[in-house]
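Worksheet: one structure, shown below.
The values are calculated or read from the model by the stated rules, or taken from the named source; none is laboratory data. Small disclaimer: the values here were computed from a predicted structure and weren't measured. Backbone-built Cβ (ideal geometry, glycine too); neighbour counts: all protein chains shown.
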Amino acid sequence: MLKYANYDIVFQEVPDEVTLAINITNCPNACPGCHSKYLWEDVGEILDLKELNRLVEQYKSGITCVCFMGGDAEPKEVAELAWQLKSTHAGLKMAWYSGKNDLPQNVSTDHFDYIKLGRYVAELGALDSATTNQRMMKRLSDGRVKDITQWFRENKKVEVIKSETKTEKSQTNINSIQ
Ligand code: SF4
């Protein structure tokens with residue numbers, strides 16, 4: 001069962017969207033250098049459709065997107081909740097921040113408008129780093145999927161010192177256009 005620790009309304013996590021970002025606990029990824037170790041434990045409020053609807057109702061006049069931050073221990077549940085929410089909220093975008101390098105097997109992710117993939121590797125940096133291994137994919141209106149990771153570098157607020165470490169790109173099983 002999915003649980004979440006907290007949530008926030010954010011502006012940078014999903015390009016050009018006002019996003020209700022929900023931090024899901026019980027993260028199985030144990031990325032070295034993780035800044036959110038409080039999400040490793042199986043704690044928090046239960047995140048089922050009723051709770052998700054309650055959160056969305058509270059902010060629906062201001063948000064354009066809901067982002068599931070994590071949930072890699074139960075990807076089927078994340079995908080199911082996103083599908084149910086999308087079916088009842090026309091126009092509301094669905095995003096998923098996964099810490100895995102690849103999409104889960106046997107789980108349909110077609111209804112996500114955005115998916116971020118890739119473990120956090122401190123030396124390579126997050127999405128706004130030139131050396132990042134992470135990727136943000138956007139589903140276009142014609143169904144194709146585009147890698148939009150570059151957006152995060154172009155819209156970065158704080159300059160960081162460039163690292164010369166080797167880039168380890170995420171391998172995805174989405175056929176994307178560049
Ligand atoms: S995916 Fe990695 S960085 Fe994110 S909470 Fe889990 S361990 Fe931390």
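Can you tell me how many residues in the stretch 43-54 are assigned to a loop (DSSP other than H, G, I, E, B) and either surrounded by fewer than 12 Cβ atoms within 10 Å (Cβ to Cβ) or among the aliphatic types (A, V, I, L, M) (or both)? Walk me through it before giving the result.
Of the residues in the stretch 43-54, the ones assigned to a loop (DSSP other than H, G, I, E, B) are 43-44, 47-48.
If we keep only those that are either surrounded by fewer than 12 Cβ atoms within 10 Å (Cβ to Cβ) or among the aliphatic types (A, V, I, L, M) (or both) as well, we get 43, 47.
The number of residues fulfilling the criteria is 2.
Given the options Lys37, Lys116, Lys76, Lys50, name the one that is farther than 17 Å from Tyr4 by Cα and either away from the ligand (no atom under 16 Å from the Cβ) or at pLDDT 95 or above (or both). Quick ask: steps written out before the conclusion?
Details: Lys37 fails: farther than 17 Å from Tyr4 by Cα; Lys76 fails: farther than 17 Å from Tyr4 by Cα; Lys50 fails: farther than 17 Å from Tyr4 by Cα.
Sole residue among the options that is farther than 17 Å from Tyr4 by Cα and either away from the ligand (no atom under 16 Å from the Cβ) or at pLDDT 95 or above (or both): Lys116.
Can you pull out every residue in the stretch 122-164 that is surrounded by 14 or more Cβ atoms within 10 Å (Cβ to Cβ), among the polar types (S, T, N, Q) and at pLDDT below 95?
Listed by number, the list holds a single entry, Ser163.
Ser141 passes all but one of (1) in contact with a helix residue (DSSP H, G or I) (Cβ under 8 Å, 6 or more places away or on another chain); (2) more than 16 Å from the ligand (Cβ to nearest atom); (3) not in a helix (DSSP H, G or I); which number fails?
The single condition Ser141 does not satisfy is (1).
Among the residues of the stretch 11-28, is there at least one that is outside any strand (DSSP E or B), touching a helix residue (DSSP H, G or I) at 6+ places or on another chain (Cβ under 6 Å), away from the ligand (no atom under 13 Å from the Cβ) and within 14 Å of Ala95 (Cβ to Cβ)? I'd like the intermediate steps shown before the answer.
To start, the set of residues in the stretch 11-28 that are outside any strand (DSSP E or B) comprises 11-18, 25-28.
With the extra rule that they be touching a helix residue (DSSP H, G or I) at 6+ places or on another chain (Cβ under 6 Å), the set shrinks to 15, 25, 27.
From what's left, away from the ligand (no atom under 13 Å from the Cβ): 15.
Still in the running and within 14 Å of Ala95 (Cβ to Cβ): 15.
Yes, the conditions are met somewhere in the stretch 11-28.
Can you name the residue in the stretch 49-97 that is of a type in the set (Val, Ile, Thr) and without any contact (Cβ under 8 Å) to a residue 60 or more places away in the chain and is also farthest from Val18 (Cα to Cα) among such residues? First the steps, then the outcome.
First pass over the stretch 49-97, keeping only residues of a type in the set (Val, Ile, Thr): 56, 63-64, 66, 78, 88.
Subsequent filtering for residues that are without any contact (Cβ under 8 Å) to a residue 60 or more places away in the chain retains 56, 63-64, 66, 88.
Numbers: Val56: 12, Ile63: 5, Thr64: 5, Val66: 9, Thr88: 19 Å.
So the residue we want is Thr88.
Only one of (1) more than 13 Å from the ligand (Cβ to nearest atom); (2) assigned to a loop (DSSP other than H, G, I, E, B); (3) more than 17 Å from the chain's Cα centre (by Cα) is not met by Gln58, so which one is it?
Among (1) more than 13 Å from the ligand (Cβ to nearest atom); (2) assigned to a loop (DSSP other than H, G, I, E, B); (3) more than 17 Å from the chain's Cα centre (by Cα), the lone unmet condition for Gln58 is (2).
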